[in-house]
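Participant: First the structure, then my questions, so here it is.
The values are calculated or read from the model by the stated rules, or taken from the named source; none is laboratory data. This structure is a prediction, so every number in the text was calculated from the model and none was measured. Neighbour counts run over all protein chains shown; Cβ positions are idealised from the backbone, glycine included.
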Amino acid sequence: MTLGKTIIEKIIQAHSQDEVGPGNIVWLDLDIRSARDFGGPNVVQHYERQYGNTPLSDKSKTFFTFDLCAPACTLKYADNQQICRDFARRHGIQVFDVDRGIGSHVLIEEGLAGPGQTVVGTDSHMNILGAVGCFGQGMGDVDIAFAFKTGKTWFEIPESVKVVLKGMPSPYSDPKDLTLFMCKELGTRSIALRAAEFCGEAATSLDFAGRITLCSMITEMAGIVGFVSAEGPPSVLMPALLSGEMFSLYQADPDALYADTIEINVEGLPPQVAVPFSPNNVQTVAEVRGTRIDSGFIGSCTNGRTEDFVRAADVLNGKKVKKGVMLKIVPATRRVYQELLERGILEILFQSGAIVLNPGCGGCADGHAGLTGQGEVQISSGNRNFSGKQGKGKTYLASPAVVAASCIRGEIVAPEEF
Amino acid sequence: MRETSLKGRIWILADRAGRLIEDIDTDQIFHNAHLHITDMAQMGPFAFGNLEGWKDFPQKCKEGDMILAGRNFGAGSSRQQAVDCLIALKVGAVLAPSFSAIYFRNAVNSGFPVLRIPDLKSLLDGKSLSSGDIIEVDVTLGKARNLTRDIAFKVEPMSEVQTKIFRAGNLFEYGRILEK
């Protein structure tokens, strides 16, 4: 008897000769393997030490994406990016350079990462690709160097968990509020080392940007990857439309085996904030209302899409960021930047006093905007607020709309107050 | 064939109140300010440089020492440096109830022993393990003994693929064996 398969099992089975089932270790064929400006130079070093000048398994499936320190603002990153560029030229690999933005997003926009595919990169949020039904996985530089050479990786098939959302969040809530609430409810245990499939209207009604937000924080819930059912509004097909290609989407079989089914009530869910120093330490905005802030950040792989900045601009339109407060804005990609330009969103953000920077990761590492000094309190649309990560200050995580509202007031506040 | 029995002094990563620290993330193990470093030999001094109470670990650690940590060790980023910095310090192994998926893979691929020890908390509560004790662990059998206190305990043995990569040395060497 063959049991039905979950989404991850179907994707992996289509890329492996080995029998797929929870706990099985299989060899997986990779459609795309990539490295960033962080991890990339280490991949090059491993590759050259291990394989010398021998060719990659497939240069057309191998990419560099620079997004952490873009353009390089330290000498070390400038060196490291050039190491990758030189390697790329020698091997004929395409580089999505410092002008392009966050690698995982660029791969979607380019039609390289799509439904049913397998993609790896030196980015722990590569599982964000679950948003488009793609099996994405972040890996270290040894794994990626091996993948560059062989086009394969070993993988232990995780158990799958069904997360059923009941009810609909408050109309004042954003996908980020839903996502932070998942971080609270699921913690780092419920879906740890497992694949999650989100069901229920609150999940399936999420648009492309909303799915990106939810799936980007599976890593903070210690999960392997998260998927949303393929049912949903037409905008879910946006990645296919972006690249001009249509994709087939996998659905779990009705008799697929799940390790657990978790029901979470999200009816009327109000805006949420993750307080220092954990993304899983989540309260309602109402509970932390009035907390003084020095700075705000809107961007990151979690909330760097056009839809995110539109929500922020709706709050900021005709208003000013409070004097003494810095609001830093980093579009995820150049395409997003262009959309913001064409739709007049950049004008609104600029007039509000926000600082708009070039596309990239921002905030998550030393090398881009969104760092904090000792004593500074930041509210950010990013995905991590671990102690010391973005600097010695404290970081609260919230939706773009909550960040925007808080920057107008100079303290944490819900957007519905404007 | 690589030795599968490890022996060394243990460090229990606890906070000031003596509680085992859970969810230690890669920015606490190897901070992003040092991500530009590609030479493993230079990574050791930055190990645990952002983990409160443990910033002096590189000075305290000696070859073969083993680290015992709370669940979900290595949460966060995909950086291999969070493994490499411990290899650079010649740390013998990390034992924890669970690891983040990426951290675990990175360690396995580098041939660095990471071992699951599901009942670590009860072992600590029962004073069966304390920092400074010398333990011996067979990574493939999962048998372990606290030599200081003469107490036997169990760890999860390495999986088949983990054992194969460990024995080969690292993923690259294992790949060469597969090609033969």
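Participant: Test residue A:33 against the criterion of being of a type in the set (Lys, Arg), within 14 Å of another protein chain (Cβ to nearest Cβ) and either crowded, with 17+ Cβ neighbours inside 10 Å or closer than 24 Å to residue A:368 by Cα (or both), and give yes or no.
Facilitator: yes
Participant: In the list A:132, A:98, A:120, which residue meets the criterion of being under 29 Å from residue A:206 (Cα atoms) and either more than 10 Å from chain B (Cβ to nearest Cβ) or surrounded by fewer than 24 Cβ atoms within 10 Å (Cβ to Cβ) (or both)?
Facilitator: A:132 is the lone residue from the list that is under 29 Å from residue A:206 (Cα atoms) and either more than 10 Å from chain B (Cβ to nearest Cβ) or surrounded by fewer than 24 Cβ atoms within 10 Å (Cβ to Cβ) (or both).
Participant: Would you mind stating whether residue B:161 is surrounded by 14 or more Cβ atoms within 10 Å (Cβ to Cβ), touching a strand residue (DSSP E or B) at 6+ places or on another chain (Cβ under 7 Å) and within 14 Å of chain A (Cβ to nearest Cβ)?
Facilitator: The answer is yes for residue B:161.
Participant: Being away from chain A (no Cβ under 13 Å) and touching a strand residue (DSSP E or B) at 6+ places or on another chain (Cβ under 9 Å): is that true of residue B:149 here?
Facilitator: So residue B:149 fails the test.
Participant: Considering A:164, A:120, which residue is touching an Asp or Glu at 6+ places or on another chain (Cβ under 8 Å) and either within 15 Å of residue A:27 (Cα to Cα) or in a loop (DSSP other than H, G, I, E, B) (or both)?
Facilitator: Residue meeting the stated conditions: A:120.
Participant: Going by the conditions given, is residue B:112 within 19 Å of residue B:67 (Cα to Cα), within 14 Å of chain A (Cβ to nearest Cβ), touching a helix residue (DSSP H, G or I) at 6+ places or on another chain (Cβ under 6 Å) and among the aromatic types (Phe, Trp, Tyr)?
Facilitator: For residue B:112, the condition - within 19 Å of residue B:67 (Cα to Cα), within 14 Å of chain A (Cβ to nearest Cβ), touching a helix residue (DSSP H, G or I) at 6+ places or on another chain (Cβ under 6 Å) and among the aromatic types (Phe, Trp, Tyr) - is met.
Participant: Another question about this same structure. So, in the range A:335-350, exactly how many residues are within 24 Å of the chain's Cα centre (by Cα) and β-branched (Val, Ile, Thr)?
Facilitator: The qualifying residues number 2.
Participant: To continue, here is another question. So residue A:297 fits all but one of (1) part of a helix (DSSP H, G or I); (2) under 29 Å from residue A:130 (Cα atoms); what number is the exception?
Facilitator: (1)
Participant: Please verify whether residue B:173 is of a type outside the set (Gly, Ala, Ser), within 14 Å of chain A (Cβ to nearest Cβ) and assigned to a helix (DSSP H, G or I), treating the condition exactly as stated.
Facilitator: For residue B:173, the condition - of a type outside the set (Gly, Ala, Ser), within 14 Å of chain A (Cβ to nearest Cβ) and assigned to a helix (DSSP H, G or I) - is met.
Participant: Being within 14 Å of residue A:295 (Cα to Cα), small (Gly, Ala, Ser) and not in a strand (DSSP E or B) is the filter here, so list the residues in the range A:363-407 that pass it.
Facilitator: A:363, A:369, A:370, A:373, A:375, A:381, A:382, A:393, A:398, A:404, A:405, A:406
Participant: Related question: Can you give me the number of residues within the range A:195-220 that are over 22 Å from residue A:332 (Cα atoms) and within 14 Å of chain B (Cβ to nearest Cβ)?
Facilitator: 2
Participant: Continuing with the same structure: Scan the range B:122-135 residue by residue and report those that are of a type outside the set (S, T, N, Q) and surrounded by 15 or more Cβ atoms within 10 Å (Cβ to Cβ).
Facilitator: Initially, the range B:122-135 is screened for residues of a type outside the set (S, T, N, Q), giving B:123-127, B:129, B:132-135.
Residues satisfying the conditions are B:123, B:124, B:129, B:133, B:134, B:135.
Participant: Another question, then. Suppose we filter the range A:284-323 for residues that are within 15 Å of residue A:395 (Cβ to Cβ) and surrounded by fewer than 16 Cβ atoms within 10 Å (Cβ to Cβ); how many remain?
Facilitator: 1
Participant: Take residue A:290 and decide whether it is outside the structural domain of residue A:102 (by TED's automatic domain parsing), out of contact with any helix residue (DSSP H, G or I) (no Cβ under 8 Å at 6 or more places or on another chain) and not in a strand (DSSP E or B).
Facilitator: yes
Participant: For the range A:172-190, indicate whether the set of residues that are hydroxyl-bearing (Ser, Thr, Tyr), outside any loop (DSSP other than H, G, I, E, B) and at pLDDT 95 or above is non-empty.
Facilitator: To start, the set of residues in the range A:172-190 that are hydroxyl-bearing (Ser, Thr, Tyr) comprises A:172-173, A:179, A:188, A:190.
This time we only want the ones that are outside any loop (DSSP other than H, G, I, E, B), so: A:179.
Next cut, at pLDDT 95 or above only: A:179.
Checking the range A:172-190: at least one residue is hydroxyl-bearing (Ser, Thr, Tyr), outside any loop (DSSP other than H, G, I, E, B) and at pLDDT 95 or above.
Participant: Please count how many residues of the range A:59-70 are surrounded by 14 or more Cβ atoms within 10 Å (Cβ to Cβ) and not in a strand (DSSP E or B). If you could, list the steps in order and put the result at the bottom.
Facilitator: First, the residues of the range A:59-70 that are surrounded by 14 or more Cβ atoms within 10 Å (Cβ to Cβ): A:59, A:61-70.
Now drop any that are not not in a strand (DSSP E or B), which leaves A:59, A:61, A:66-70.
The qualifying residues number 7.
Participant: For the structure I just gave you, tell me whether residue A:79 is among the acidic types (Asp, Glu) and surrounded by 23 or more Cβ atoms within 10 Å (Cβ to Cβ).
Facilitator: Working: among the acidic types (Asp, Glu): yes; surrounded by 23 or more Cβ atoms within 10 Å (Cβ to Cβ): no.
Spelling it out, it is not the case that residue A:79 is among the acidic types (Asp, Glu) and surrounded by 23 or more Cβ atoms within 10 Å (Cβ to Cβ).
Participant: Just to be sure before I move on: is residue A:332 more than 14 Å from every other protein chain (Cβ to nearest Cβ), more than 18 Å from residue A:278 (Cβ to Cβ) and not basic (Lys, Arg) in the structure I sent? Full working, then the answer.
Facilitator: Numbers: more than 14 Å from every other protein chain (Cβ to nearest Cβ): yes; more than 18 Å from residue A:278 (Cβ to Cβ): yes; not basic (Lys, Arg): yes.
Here the answer is yes, as residue A:332 does meet what is asked.
Participant: Separate question: Can residue A:279 be described as assigned to a loop (DSSP other than H, G, I, E, B) and within 14 Å of another protein chain (Cβ to nearest Cβ)?
Facilitator: In short, yes.
Participant: Okay, moving on. Could you list, in sequence order, all residues of the range A:384-396 that are more than 10 Å from every other protein chain (Cβ to nearest Cβ) and under 18 Å from residue A:124 (Cβ atoms)?
Facilitator: If the condition is that a residue be more than 10 Å from every other protein chain (Cβ to nearest Cβ) and under 18 Å from residue A:124 (Cβ atoms), then A:385, A:395 are the ones that fit.
Participant: Next up: Identify the residue in the range A:136-157 that is more than 7 Å from every other protein chain (Cβ to nearest Cβ), crowded, with 22+ Cβ neighbours inside 10 Å and touching a Leu at 6+ places or on another chain (Cβ under 6 Å) and, among all such residues, is farthest from residue A:103 (Cα to Cα).
Facilitator: Let us first name the residues in the range A:136-157 that are more than 7 Å from every other protein chain (Cβ to nearest Cβ), namely A:136-137, A:144-145, A:147-149, A:151-153, A:155-157.
Those left that are additionally crowded, with 22+ Cβ neighbours inside 10 Å: A:136-137, A:144-145, A:147-148, A:153, A:155, A:157.
Those left that are additionally touching a Leu at 6+ places or on another chain (Cβ under 6 Å): A:136, A:147-148, A:153, A:155.
Values: A:136: 12, A:147: 17, A:148: 16, A:153: 20, A:155: 22 Å.
Filtering the range A:136-157 for residues that are more than 7 Å from every other protein chain (Cβ to nearest Cβ), crowded, with 22+ Cβ neighbours inside 10 Å and touching a Leu at 6+ places or on another chain (Cβ under 6 Å), the one farthest from residue A:103 (Cα to Cα) comes out as A:155.
Participant: Further question on the same structure: Would you mention how many residues in the range A:1-21 are buried (at least 18 other Cβ atoms within 10 Å of the Cβ) and assigned to a loop (DSSP other than H, G, I, E, B)?
Facilitator: So the answer is 5.
Participant: Would you check which residues across the range B:70-84 are surrounded by fewer than 24 Cβ atoms within 10 Å (Cβ to Cβ) and closer than 18 Å to residue A:120 by Cβ and list them?
Facilitator: Of everything in the range B:70-84, nothing turns out to be surrounded by fewer than 24 Cβ atoms within 10 Å (Cβ to Cβ) and closer than 18 Å to residue A:120 by Cβ.
Participant: Same structure, new question: From B:88, B:93, which residue is surrounded by fewer than 24 Cβ atoms within 10 Å (Cβ to Cβ) and in contact (Cβ under 8 Å) with a residue 60 or more places away in the chain?
Facilitator: B:93 is the lone residue from the list that is surrounded by fewer than 24 Cβ atoms within 10 Å (Cβ to Cβ) and in contact (Cβ under 8 Å) with a residue 60 or more places away in the chain.
Participant: When you go through A:373, A:353 one by one, which is the residue that is of a type in the set (Gly, Ala, Ser), surrounded by fewer than 22 Cβ atoms within 10 Å (Cβ to Cβ), more than 14 Å from chain B (Cβ to nearest Cβ) and out of contact with any Leu (no Cβ under 6 Å at 6 or more places or on another chain)?
Facilitator: A:353
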